[in-house]
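What follows is a short report on a single structure.
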Amino acid sequence: SKKKTVASSFLAAASAAFFLFLFSFPSKSHYHSLFLSQTPFHRRNDSISDHLYVLTRRPHIAGSEANAEAAAYVLSALASFGIRSHVAPYFSALTLPISRSLILIRPPPDSAAEFALRQESYPGDPYADVAAEAQPAFHGFAKSGTAVGPVVYANYGRVEDYAVLAELGINLTGSVALARYGKIYRGDIVRNAQDAGAIGVVIYTDRKDYGGGGDAKWFPDDRWMPPSGVQAGSVYTGVGDPTTPGWPSVADCERLSESEAEKSDDLVSIPSLPISWADGEVILRSLGGEKARDDWQGGVDAPVYRIGPGPGIVNLTYQGQQLITRIENVVGIIEGEEEPDRYVILGNHRDAWTFGAVDPNSGTACLLEVAEGLQRLRSKGWKPRRTIIICNWDAEEYGLIGSTEWVEENLQVLISRAVVYLNVDISVAGPVFQASATPQLDELLREVAKQVSDPDNSSRTLYDSWAVSSNAHIGRLGGGGSDYAAFVQHAGVASVDVTFDGDYPVYHSMYDDFVWMKKFGDPGFHRHVAVANFWGLTALRLADDVILPFNYVTYARELLSSTEKLKTELAGREINLDPLFDSIDQLERAAVRINGEAGELKSERWLTKRRASRARDVNDRLMVAERAFADRDGLRARPWRKHLV
């Protein structure tokens, strides 16, 4: 009896100790709240500002010494946070300019004009001493060659713009197209001109769109592009190294020759040059012919835009070189405790056409802030349930190359283990929060936004301002706009992309520097902190929640909405969409069922071995459901792109 009493007392004490330990040990959600509040706000924006200042001290195009130094800085920062990190190098084809010239031949009595094609420094420019390190403004993967012909003004260079020219009876064969940036990707501007018969393309930044127009001042007095500012960028319409289509460009790998790669539809076959709005107006003044439509005209002080052809003739010459160049992704790993073989991946690219304060290093600075925040949680005892992988990509600007090569090299591992990819390219360009995602993540993103403070009004949440600006609209990831492309379109991994958007007229120019960000983009770096909070908290939820916060009912309803629009477009044609509607209905019913299973598991208090096994099964079904939209053979004529939606 005495032994029974002692045993009972011991068991009671042990149980009490167990429950005391259980309830005194911080929950994952406790750490999530701590992530948002653990460091004074002013220290966080100072930290982000410091990172951005260092990253943007020199122009750092992919493959340059300065970009290798930036990679070393990121690697060192991650190591200082105690995050196991390494460089993942690839050897990719990149292009650089050897020579460029543009001459306008005007009818008498006007003399010919040879353009300087140079972005001018400004009084007090703190980067004047390193500006010469930047490559002259050019188009990545542009075709080398010379084009001499009368100029035809083609508005924004869209398919519909060339349709207007055709209606006017204007034949572009043998002409040089003059188009303005602003509506479509520059590679498509060149492709459309090529398809219309042009022999070359000049693309300019119209003052109405980028220079402020009228009496507006420009940088450094205001946010607008100066008269000599030029938007550089790639005209490659593919993704990844064009000489290793579909396989990783590791050292000594097999690759296509330059001539073989040029046979791809992703590379253009006519030369092109980007120019400033000041130079664009000079060419426009040389044109005659019919007056362009009102919606093709420039701003208040612009000359009257005429279509041409000519009489102005341009002589455009571009000579570039293609080099196999070492690029460097930096990868950091925080290993998960319970499910180390499930990956939550965060990514941003580092390379820039010039200084890159907005694009992309506003995102890089936030990535480092998130990494440091996660390390602070680790120092307080937190360990993620799933593995978190932090990636800083290289050579994105040329064609999403660093991320694509990494995905191609690790494809089978990602297909079996990647839960989600969270991308931030530009973190801050203006005041308007925007998010895009695969639809099963919509609900999570809105939940997270309700926990993050609005950077411009501390009395409300980020969700409040997002709801006012766009009804908390979430866009989709159908294009190839940033490094999420390989994850979504090739590997079928659920993905997110977030930014603060707004007027950013100095895009890809010499004026995208720390001064512009400090004066006009985000003077207090408050929006940067909001991005870091949103990004980090989203990662924590996906890394730590016992049941993945995916909701495929949203996905099914998005597909239903799209199919109903398609049905309207196909009205009067004998195409039966009933099988598609039936499949979407089956998807929604399956989504409701798994939501029910997930709800039951969440309601169980203790994570028993049986419950953990059931949770793993549910999570794996939620994770791989996105893969089911990826077709092994790829889209017709675009086999690398696998995602059918």
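The values are calculated or read from the model by the stated rules, or taken from the named source; none is laboratory data. All values reported here derive from a predicted model rather than from experimental measurement. Note: ideal-geometry Cβ built from the backbone for every residue, glycine included; neighbour counts use all protein chains shown. In case anyone asks, the SASA skips ligands and DNA or RNA and just uses the protein heavy atoms, side chains included. Shrake-Rupley method; radii C 1.70, N 1.55, O 1.52, S 1.80 Å.
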field: Segment VAL300-ALA590, length gained on full extension (0.36 nm per residue, minus Cα span)
entry: 98.7 nm
Euclidean distance between Cα centres, segment 175-194 to segment 365-419, Å: 35 Å
query: Listed highest first by mean packing, meaning other Cβ atoms within 10 Å per residue, what order do 374-387, 252-265, 203-216 come in?
result: 203-216, 374-387, 252-265
- request: At a Cα cut-off below 22 Å, give the lysines reachable from LYS28, other chains included and same-chain residues fewer than 8 away excluded.
  value: LYS380, LYS383, LYS450, LYS602, LYS609
message: Ranking request for peptides 142-150, 173-181: highest mean number of other beta-carbon atoms within 10 Å first, then the rest in descending order.
response: 173-181, 142-150
message: Need one number: nm distance between label points at SER257 and ALA628, each 7 Å from Cα along Cα→Cβ, rounded to one decimal.
response: 4.7 nm
- request: Would you mind pulling out the separation of the Cα centroids of segment 482-510 and segment 267-331, in Å?
  value: 25 Å
Assigned charges on the beta-carbon of Lys, Arg, Asp, Glu; the chain dipole about Cα centre (debye): 2560 debye
message: From Cα pairs below 8 angstrom and at least 6 apart in sequence, can you work out the relative contact order of segment 552-628, rounded to a whole percent?
response: 33 percent
field: Value at 222 nm in deg cm²/dmol, rounded to 500, when DSSP H runs of n ≥ 4 in the chain each add -39,500 (n - 2.57)
entry: -11500 deg cm²/dmol
- prompt: Is segment 552-628 best put as rounded, prolate or oblate by its Cα gyration tensor, with a ≥ b ≥ c the root eigenvalues, rounded for a/c under 1.5, and otherwise prolate when a/b is larger than b/c, oblate when not?
  reply: prolate
field: Close Lys-Lys pairs in segment 95-323, where close means Cα under 30 Å and separation is 8 or more or interchain
entry: 10
statement: To the nearest Å², the heavy-atom accessible area per residue of segment 552-628 with 1.4 Å probe amounts to 66 Å²
task: Take VAL148, project a point 7 Å from its Cα along the Cβ direction, then tell me which residues of segment 305-323 have their backbone nitrogen under 13 Å from it.
output: 313-317
query: Accessible area per residue, 1.4 Å probe, Å², for segment 233-336: what's the number?
result: 41 Å²
task: Using a/c under 1.5 as the rounded threshold, could you call segment 199-284 rounded, prolate or oblate? The axes a ≥ b ≥ c are square roots of the C-alpha gyration tensor eigenvalues, and prolate needs a/b larger than b/c, oblate otherwise.
output: prolate
- prompt: How much accessible area does LYS567 have with a 1.4 Å probe, in Å² rounded to the nearest 10?
  reply: 120 Å²
message: How large a share of the accessible area of the chain, in percent, is made up of carbon and sulfur atoms when the probe is 1.4 Å and the other protein chains stay in place?
response: 52 percent
- prompt: What is the spin-label model distance, in nm, from LYS518 to ASP265 if the labels are put 7 Å beyond Cα along the C-beta direction?
  reply: 4.8 nm
- request: With a ≥ b ≥ c taken as the square roots of the eigenvalues of the C-alpha gyration tensor of segment 95-323, please select rounded if a/c is under 1.5 and otherwise prolate if a/b is larger than b/c or oblate if it is not?
  value: oblate
- prompt: HN-Hα J couplings of segment 256-262 from phi, Karplus 6.51/-1.76/1.60, θ = phi - 60°, integer Hz, Gly and Pro as x?
  reply: 6, 6, 4, 5, 5, 5, 5
statement: Taking every DSSP bridge whose two residues both lie in the chain, the antiparallel percent to the nearest 5 is 55 percent
field: Stretch gain in nm, segment ASP341-ARG605, where the contour uses 0.36 nm per residue and the Cα spacing is subtracted
entry: 92.6 nm
- request: Arrange the peptides 619-627, 425-433, 125-133 so that the one whose residues have, on average, the most other Cβ atoms within 10 Å appears first.
  value: 425-433, 619-627, 125-133
- prompt: For the modelled label position 7 Å from the Cα of GLN38 along Cα-to-Cβ, which residues of segment 513-546 have backbone nitrogen atoms closer than 18 Å?
  reply: 529-545
